[in-house]
Amino acid sequence: MNQQKTFLVFGASGQTGQHFVSLALKEGHKVRALVRNPAKLTFTSPNLEVQQGAIMDVPKLDELVKGADFVISMLGDAEMQKKEKINTAFVQKLVPAMRRQGVKRFLYQAGGLSAPPNQPLSPVLWTIRNTIARGYIGQHEDNEAVMQYLAEAASDVEWMVHRAGIGSNGPSKGVLQRSKKDISIAPFVDCAAYNYRLIMDPSAIHTCDLSCYKKG
Ligand SMILES: NC(=O)c1ccc[n+]([C@@H]2O[C@H](COP(=O)([O-])OP(=O)(O)OC[C@H]3O[C@@H](n4cnc5c(N)ncnc54)[C@H](OP(=O)(O)O)[C@@H]3O)[C@@H](O)[C@H]2O)c1
């Protein structure tokens, strides 16, 4: 096992989040999770601390952040994000709390159809976003506002964004790696394992890359 770390996880009860938390616990780390419904979590562990709450109202955010080595967001609520940029509003409170508590490293999971700051999507991804995936436009706009905020106002924080291309809840298909232009449709389990590696990789700081399987 690597040295034991404390992960603060948002979205722990979600499809990527459940895999991520299982992996971090299996690797011997501590996990602190804020979840709306603790009953959704499919595991327990003495190393898992669960707090109940929603991101719109976290009264003791500094207490939640204090002592964490890594903060990770795998948040999403596509219906709510059609109306409001709830993730952006939350990240704008989270980052100052991280600064106050001296917590530096933050991973945010967005989607491959969310454009990185000041860069257009490829024509193929743009077409997919505006046709078969158009129900998620609010989520992508929220993710884009998060990336813009991090790029413009949080250069002192060791943030990184995973623009994931998740497709299913199936078994692992391999090991994802970082890519500027290639994206793989991967199961949640592989995206979670990628997040676990990424957050410990200093070369990923201040990147908004896609993930894809190694070719060949
Ligand atoms: N799913 C995909 O195919 C896909 C593809 C590409 C990118 N992404 C990106 O990855 C992110 C995570 O995807 P996912 O499929 O793993 O998400 P998911 O299964 O929908 O889970 C989202 C998580 O966010 C939590 N959450 C939502 N609103 C919250 C709130 N107000 N307060 C606290 N927690 C809240 C949910 O809690 P509850 O359990 O209480 O609902 C859940 O734990 C997405 O937002 C998207 O940006 C997803």
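The values are calculated or read from the model by the stated rules, or taken from the named source; none is laboratory data. Here the structure is a predicted model, which is why all the values come from computation and not from measurement. Because the Cβ atoms are built from the backbone with ideal geometry, glycine has one as well, and the counts that use them run over all protein chains shown.
Of all residues in segment 56-102, those that are of a type in the set (Gly, Ala, Ser), more than 12 Å from the ligand (Cβ to nearest atom), under 16 Å from the mean Cα position of the chain (by Cα) and surrounded by fewer than 20 Cβ atoms within 10 Å (Cβ to Cβ) total 0.
As a summary of the residue check, residue 117 satisfies the conditions (1) away from the ligand (no atom under 15 Å from the Cβ); (2) within 29 Å of residue 2 (Cβ to Cβ) except for the one numbered (2). If you go through segment 63-88 and pick out every residue that is of a type outside the set (A, V, I, L, M, F, W, C) and under 17 Å from residue 33 (Cβ atoms), you end up with 8. Scanning segment 149-169 for residues that are at pLDDT below 95 and surrounded by fewer than 18 Cβ atoms within 10 Å (Cβ to Cβ) returns 167, 168, 169. If you go through segment 1-23 and keep only what is within 15 Å of the ligand (Cβ to nearest atom) and closer than 18 Å to residue 64 by Cα, you end up with 7, 8, 9, 10, 11, 12, 13, 17, 21.
Consider only pairs whose beta carbons are under 6 Å apart and that are at least six residues apart or on different chains; among these, list those whose first residue lies in segment 59-79 and is charged (D, E, K, R) and whose second residue is not in a helix (DSSP H, G or I). From segment 59-79, the pairs are 69/5; 69/6.
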